[in-house]
Every structure is written in C-alpha cells, then in structure tokens.
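Here's the structure, in structure tokens; my notes come after.
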C-alpha cells in the first residue's frame, strides 16, 4: 500500500511528540530545527521544586519555538519550522546526592541517553538540534557529546546552551549576595515568573552567601578557573547559593526574556544554515 503524502504541517503543532508520522517526514524534508530541553531532578533548597531545572528548560524551549513559529509565519513559511522534543528530566547531579530528593543518573548515562536520541534523529534525516539545559551540571557532558558527533555525524549541527547564564544583563541587575547561584536569586525569580504556585515562599531561606563562611576547599571551588568541585552540602545545609528571599517575578520575567531573545536570534542563524 502506498502511503499518503502531505504538503503542510498543522500550524498549531509545536511539539515533536504531537507530530504524525507523515508530518515528521515533512518536517525532516524541510530541515526543521529540533529543540531538546534537559534538566535534572535534584534538591533546590527548601522553597523550590526538585524539577526546577526541567521546568525552566521546558519553558524556555517552548517560548523559543513559539517565537520562531510566529516569525516563520510572518516570513510566509520561508524561515523554517521548529519543534520541541520530549525533554530529559534527569541529569548529572552527583554534587547534590547528599541532599534530599536528588536522582542522579551520572555523566555516562546522560551522555549515552542524549547521544542515542541525537544519533537516531540524525540517521532519520534531521540535521540540526539545540539542547537547552536548565542544569549547569549537564554542560560538560553536552560538550563531550558535541565532540563525539564530529566523529560520527560531522554534518549534524549540535548546539547547546544553558538558561541562566545567557541573561547577563538581567542577572547583573539583581540584588545578589557575594555567593549566588543554585536556587538563589536568579533561579527563584525565574520560577516565580513561570509559576509562583510552585514556589514555597514561606520556606525560601538563604544558604551560602559569603566566601568567608566556607571551609577552604569549598571556598576554592568557587574559583572559576582552575576548577575543582565539592558536593553542595559543603556550601550550606540547605544546598542554596545566595538569598532567594530577594527574588521577584518581575526580575524573573526579565531574565527569561533576555534568554529567549538570545536563543531566538541564535536559532534563526541555525535555520539559515
């Protein structure tokens, strides 16, 4: 039996998982961009959910794809479509393993999982993909995947980006303590902007805020380069870096807006390749 063919993908579809098999073939033939959100399931202090990194990555991925779809429609379909892949909600989190709730799959399993997804997409005929990670602990593993793809699929364009680190201007405007980062001012602001009902504001408590309060090894780990690492329970009992009590939804909207703007601009360049 000859399979039917189609000439258009339903315009409201933004998710890869919502495409039909016929639409997938068309998306592949039109060199659609795929966006893969990845995160972690790990402790985020006493006030943020364990899935904070997944929630932020998924939110940004959908916002980027929504914006690209609107731009494509305005361009009369000449820019190209983009779709959000089902996310990977577990990540590289050994540094959080001593704090409640963390599920760490380790770097090798994470690499194998993401690489398997990408290899299958590449072998099926897709040629470009952006990973958006809400968890900084995944970045080194994503770099390994990127390099390995140059050996196995050199024509496949594999890009990856963090979330918070892209918002340099909005983050610089935050009232931050000397130590700031994990479940601190920025992440908490983002979560308030995405869905404040997911934030237990009554239990937003500061963690490590001053370098002088850390033991020597923990303090050394805050040096960006050369780099060393410690488990986060060595920073603070609650695993928090910074003071999330100063976070606001308005600040989070600014951070997320800057992140989405930068990623959309980058994705437009990807689509032109």
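Within region 175-195, identify whether any single residue is over 30 Å from residue 128 (Cα atoms) and without any contact (Cβ under 8 Å) to a residue 60 or more places away in the chain, and answer yes or no. Within region 175-195, one or more residues are over 30 Å from residue 128 (Cα atoms) and without any contact (Cβ under 8 Å) to a residue 60 or more places away in the chain.
Restricting region 192-207 to residues that are closer than 24 Å to residue 57 by Cβ and buried (at least 16 other Cβ atoms within 10 Å of the Cβ) leaves a set whose member that is nearest to the chain's Cα centre (by Cα) is 194.
For residue 81, the stated conditions do not hold, so it cannot be described as surrounded by fewer than 21 Cβ atoms within 10 Å (Cβ to Cβ) and in contact (Cβ under 8 Å) with a residue 40 or more places away in the chain. Inspection of region 21-36 identifies at least one residue that is in a loop (DSSP other than H, G, I, E, B), in contact (Cβ under 8 Å) with a residue 12 or more places away in the chain, under 18 Å from residue 267 (Cβ atoms) and touching a strand residue (DSSP E or B) at 6+ places or on another chain (Cβ under 9 Å). Checking each residue in region 238-273 for being surrounded by 12 or more Cβ atoms within 10 Å (Cβ to Cβ) and in a loop (DSSP other than H, G, I, E, B) picks out 238, 239, 240, 242, 243, 247, 248. Give the residue that is nearest to residue 72 (Cα to Cα), with candidates limited to residues of region 82-127 that are out of contact with any helix residue (DSSP H, G or I) (no Cβ under 7 Å at 6 or more places or on another chain) and assigned to a loop (DSSP other than H, G, I, E, B). So the residue we want is 127.
Just so you know, in region 208-224 the residues that are assigned to a helix (DSSP H, G or I) and more than 25 Å from the chain's Cα centre (by Cα) include one that is surrounded by the most Cβ atoms within 10 Å (Cβ to Cβ), and it is 218.
Residue count for region 50-78 satisfying the condition of being in a loop (DSSP other than H, G, I, E, B) and surrounded by fewer than 17 Cβ atoms within 10 Å (Cβ to Cβ): 4. For region 5-20, filtered to residues that are in a helix (DSSP H, G or I) and surrounded by 11 or more Cβ atoms within 10 Å (Cβ to Cβ), the residue that is farthest from the chain's Cα centre (by Cα) is 18. For region 1-20, a residue qualifies if it is without any contact (Cβ under 8 Å) to a residue 24 or more places away in the chain and closer than 16 Å to residue 72 by Cβ, and the qualifying residues are 7, 8, 10, 12. I'd like to know if region 70-92 contains one or more residues that are touching a strand residue (DSSP E or B) at 6+ places or on another chain (Cβ under 9 Å), at pLDDT 95 or above and over 22 Å from residue 158 (Cβ atoms). Checked against the condition, which is being touching a strand residue (DSSP E or B) at 6+ places or on another chain (Cβ under 9 Å), at pLDDT 95 or above and over 22 Å from residue 158 (Cβ atoms), region 70-92 yields no hits at all. Out of curiosity, is residue 188 in contact with a helix residue (DSSP H, G or I) (Cβ under 8 Å, 6 or more places away or on another chain), in a helix (DSSP H, G or I), at pLDDT 95 or above and more than 15 Å from residue 54 (Cα to Cα)? Taking the combined requirement at face value, the residue does not satisfy it. Every condition in (1) farther than 26 Å from residue 130 by Cβ; (2) free of Cβ contacts under 8 Å to residues at least 24 places away in the same chain; (3) part of a loop (DSSP other than H, G, I, E, B); (4) in contact with a helix residue (DSSP H, G or I) (Cβ under 9 Å, 6 or more places away or on another chain) holds for residue 227 except the one numbered (1).
The values are calculated or read from the model by the stated rules, or taken from the named source; none is laboratory data. As the structure is a computational prediction, the values presented were derived from the model and not from experiment. Heads up, the Cβs are rebuilt from the backbone with ideal geometry, glycines too, and the neighbour counts pull from every protein chain shown.
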